[in-house]
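Notes follow the structure.
The values are calculated or read from the model by the stated rules, or taken from the named source; none is laboratory data. Note that the coordinates shown come from a computational prediction; the quantities given were computed from them, not determined experimentally. No Cβ is skipped: glycine too gets one built from the backbone with ideal geometry, and neighbour counts run over all protein chains shown. When the accessible area is computed, the model is the full protein with side chains, heavy atoms only, and any ligands, DNA or RNA have been set aside. Shrake-Rupley method; radii C 1.70, N 1.55, O 1.52, S 1.80 Å.
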Amino acid sequence: MYTVYSILSLALFVVVSPYFLYQAIRYQKYVGSLRQRLGFLPITFNIDGEESIWIHAVSVGEALTARALAADLKARYPRLRLFVSTTTIAGQQVARRSLPDADAIFYFPFDWAFIVRRTLTLVRPRMFIMMETEIWPNVLRLCRKLGVKTVVINGRISSRSYPRYRLIRPFLRRVLADIDWFCMQSVTVTGSLKFDSLEIPVSHLVARGKPRERALRFFRVSPSRAVIIAGSTMKGEESAVLRAFERIKSMSPSALLIIAPRAPERFGEVERLANDAGFVSMRRSALPIDAEPRADVVVLDSIGELAQLYQLATAVFVGGSLVDHGGHNILEPAIFGKPVVFGPHMQNFKEIADAFLAHDAAIQVHSDRDLDETLLTLVRDPVRRASLGAAARALVEANRGAKSKTLEIIAHLLPPGDGRGRAVVRPFRPK
């Protein structure tokens, strides 16, 4: 089965390689990361061959969630190095800024056995931690052979999605059997670590001047100015948001819309959509510091700033939900007590979305027209905004605590006193 999987994944790679080649030529993506994805890490990466804990965070959200564990893991396992891998370029950038406790950040290898062996030999993990449901069969199989403990945190396999895999269900069961602990978001062990990865807001963020908070200096917004933030939007959603914003502008001419497209390669496309709709638009990278944006629409063409900007919002729409992409993280605006709106497609965050709706802590819309009416109502009604925001903040606070449970599970699998750091790892004996 693993051989068939490897052959099929290689065939898929060959089929999609023209797309990656285009991305590399057009956007310079993947060029600088290819060696690491092939398992060739820098010679200085782990020059003394020390053992480690390896965290894999596929992209931005997972890298930010990993913050909840990184410092504690370094404190509990001082003799083990802490390495973090990402799949996306954006995730790599955020991990480098947000995870100072990591000894090194690198790109996740292609899931072919000969590449995975090379990477594991250099990383020398005692434990492999996957943020979210990132299941790579060859990585897990070789970790099992090596005796590396494996944990999935914030895992998600729903009753809706599992039946889709009928043809590969036996193989999927074998792969899951290689995982030592699967920490589900809601139905079993720990709860979602996303709640614990959020930082408690304070009133003096700008004065503190931390790097991740400097983004606020580009948005010295008047308190009377309505600010709508559309976060992590996907293709097909920006047009709906711009139409809704047109109605808001007719009522509140000074209103500001901040759009954060999920895909960096769409920054230019979204800017053109705003211009074509008749708005004065600017990119965040073109804004002067310590000034109020002189634009109707700002396209957030930076990585890792969205979470902090949510505190400026009058109302928030979380994208990937009006079109069928499974939704995105609604907790980041919620921790700031902001009213959150999302569409009907929240299957990737179903349990969290259902909890927010049950506690009247968010609004779900089902069409572009619903989005128009909902955002307009929230701008008009400060009492409704305050009620939704307070319920959202209270729900986040009530659900903290997954981190301590997760650390207990990790300690059970890898006792802190067992972090020897210089122990000899059993070598690979591939079949």
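Filter the range 27-42 down to the residues that are outside any loop (DSSP other than H, G, I, E, B) and free of Cβ contacts under 8 Å to residues at least 60 places away in the same chain, then identify the one that is farthest from ARG117 (Cα to Cα).
Checked the range 27-42; the qualifying residue farthest from ARG117 (Cα to Cα) is LEU34.
So how many residues does the range 404-420 have that are modelled with pLDDT of 85 or more and either open to solvent by 60 Å² or more (accessible area, probe 1.4 Å) or outside any helix (DSSP H, G or I) (or both)?
Of the residues in that region, 5 qualify.
Report yes if VAL84 is in contact with a helix residue (DSSP H, G or I) (Cβ under 9 Å, 6 or more places away or on another chain), among the aliphatic types (A, V, I, L, M) and modelled with pLDDT of 95 or more, otherwise no.
Yes; evaluated as a whole, the condition is true for this residue.
Just to be sure I understand, how many residues within the range 18-48 are under 14 Å from PRO109 (Cβ atoms) and open to solvent by less than 30 Å² (accessible area, probe 1.4 Å)?
Counting residues in the range 18-48 that are under 14 Å from PRO109 (Cβ atoms) and open to solvent by less than 30 Å² (accessible area, probe 1.4 Å) gives 5.
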